[in-house]
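Here the structure comes first, spelled out in structure tokens, and everything after it is commentary.
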Amino acid sequence: MKKIFFILIAALTVSNACKQVKTKSAEDTEQTVAAEKYVGEEPTKPEATEVYEPVPPKVTVNGNGVPSDAIILFDGSGFDEWIHVADSTAVQWHLNKDGSMTVKDQAGFIQTKRNFGSVQLHLEWKSPAEVKADGQNRANSGVFLQSRYEVQILDNNDNDTYVNGQVGAIYKQSVPLAMASRPTGEWNTYDIIFHAPEFGMSGKKMKSGTITVIHNGVLIQDHYELKGTTEYIGWPKNIPHGKAPIQLQDHRDNSRVSYRNIWVRELD
Ligand code: MG
């Protein structure tokens with residue numbers, strides 16, 4: 001009797017071990033949604049790994065490349081979506097006849113009226129054709145996600161500077177994978193995928209933010225995991241925060257950087 005009992009226990013143990021191996025194999029395929037229905041069996045038909053929901057929403061793109069579900073932040077018609085950071089007053093930057101805007105020296109940063117979390121952000125920028133100054137003082141601006149995390153904008157053509165502060169850098173944190181600027185005076189595109197950091201109730205950071213940047217079609221930041229805020233002096237900080245505006249920088253040295261065609265898609 002005792003012998004039969006031990007044989008039964010051994011058989012059950014082997015059976016469970018086989019199931020675990022099969023479950024792990026299903027996980028490895030990364031088709032977890034489909035596989036969850038078939039834990040313990042290896043699918044034998046193609047239909048077994050097909051899923052039909054959720055159905056993705058349809059998004060169309062207009063002639064200017066703007067997705068139908070995007071929030072247009074700047075299309076050249078005015079500064080309706082923006083205010084000055086310092087005092088929340090109307091934007092004093094230059095509104096140009098060609099549908100762009102240009103940083104007004106000493107006017108200060110501008111920011112969106114809306115707060116954002118994780119986003120897909122598109123914007124176009126150019127340095128002035130007339131070159132003045134060197135290093136960090138040559139056409140320096142920047143895009144600040146959630147008012148804290150800067151993707152650098154700088155005229156780096158024949159203008160060296162520290163590489164973690166060059167064009168396309170996550171300022172003082174991540175050197176870009178390539179320098180993909182167009183010639184000075186021509187328009188550049190930035191397409192940015194930003195996932196906001198997450199903070200717990202205690203204020204502890206639970207998940208780092210990430211930034212991906214495509215510059216003129218070239219991947220220059222590949223899902224970079226933020227260490228914290230992008231500080232000019234000092235180490236990154238991780239003070240808890242929620243959704244916050246997108247800012248554009250006035251570096252206060254006659255940078256004359258221009259922007260156009262700015263839109264954003266919310267990802268949360
Ligand atoms: Mg800057």
Only Cα pairs under 8 Å and at least 6 apart count here; give the relative contact order of region 98-244 as a rounded whole percent. 22
With a 10 Å cut-off between alpha carbons and a GNM built on the chain, which of V119, V61, V218 moves the most? V61
Most mobile of D160, D98, D250 in a GNM of the chain (Cα contacts under 10 Å): D98
Taking only DSSP H segments of four or more residues, each worth -39500 (n - 2.57), what value at 222 nm results for the chain once the sum is divided by all its residues, to the nearest 500 deg cm²/dmol? -4000 deg cm²/dmol
Summing +1 per Lys or Arg and -1 per Asp or Glu among the other residues with Cβ less than 10 Å from W235's Cβ gives +2
Once you've got the GNM for the chain with C-alpha springs shorter than 10 Å, pick whichever of G217, G234, G185 has the biggest mean-square fluctuation. G234
Find me the longest stretch of the chain that has none of the exposed trypsin sites (Lys or Arg not before Pro), where exposed means in a DSSP loop (not H, G, I, E or B) with at most 10 other Cβ atoms within 10 Å. 98-203
From largest accessible area down, sort V175, V151; use a 1.4 Å probe on the protein chains. V175, V151
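Taking the solvent-accessible surface of protein heavy atoms with a 1.4 Å probe, what is the per residue accessible area of region 169-213 in Å²? If you can, show how the numbers build up before the last one.
Details: 2130 Å² over 45 residues.
The answer is 47 Å² per residue.
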Links that overshoot a 31 Å alpha carbon limit, given the list K172/K204; K126/K172; K132/K207; K97/K237: K132/K207; K97/K237
Using a 1.4 Å probe over the heavy atoms of the protein chains, calculate the carbon and sulfur portion of the accessible area of the chain as a whole percent. 55
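When only Cα pairs under 8 Å and 6 or more residues apart are kept, what is the percent relative contact order across the chain? Don't skip to the end; give the middle numbers.
Numbers: 553 pairs, mean separation 63.5, N = 268.
Relative contact order, the chain: 24 percent.
Skip the ligands, DNA and RNA, and give the accessible area per residue of region 60-164 with a 1.4 Å probe, whole Å². Display every interim value, and only then the final one.
Details: 4750 Å² over 105 residues.
Normalised by residue count, the accessible surface of region 60-164 is 45 Å².
Note down the relative contact order for region 185-268 as a percent, whole number, built from C-alpha pairs under 8 angstrom at least six residues apart. Don't skip to the answer; put the middle values down first.
Details: 93 pairs, mean separation 15.8, N = 84.
Relative contact order of region 185-268: 19 percent.
The values are calculated or read from the model by the stated rules, or taken from the named source; none is laboratory data. Bear in mind that the values here come from a model prediction, so they are computed numbers and not experimental data. Please note: Cβ atoms are built from the backbone with ideal geometry, for glycine as well, and neighbour counts cover all protein chains shown. Please note that ligands, DNA and RNA were not included when accessible areas were found on the heavy atoms of the full protein model with its side chains. Shrake-Rupley method; radii C 1.70, N 1.55, O 1.52, S 1.80 Å.
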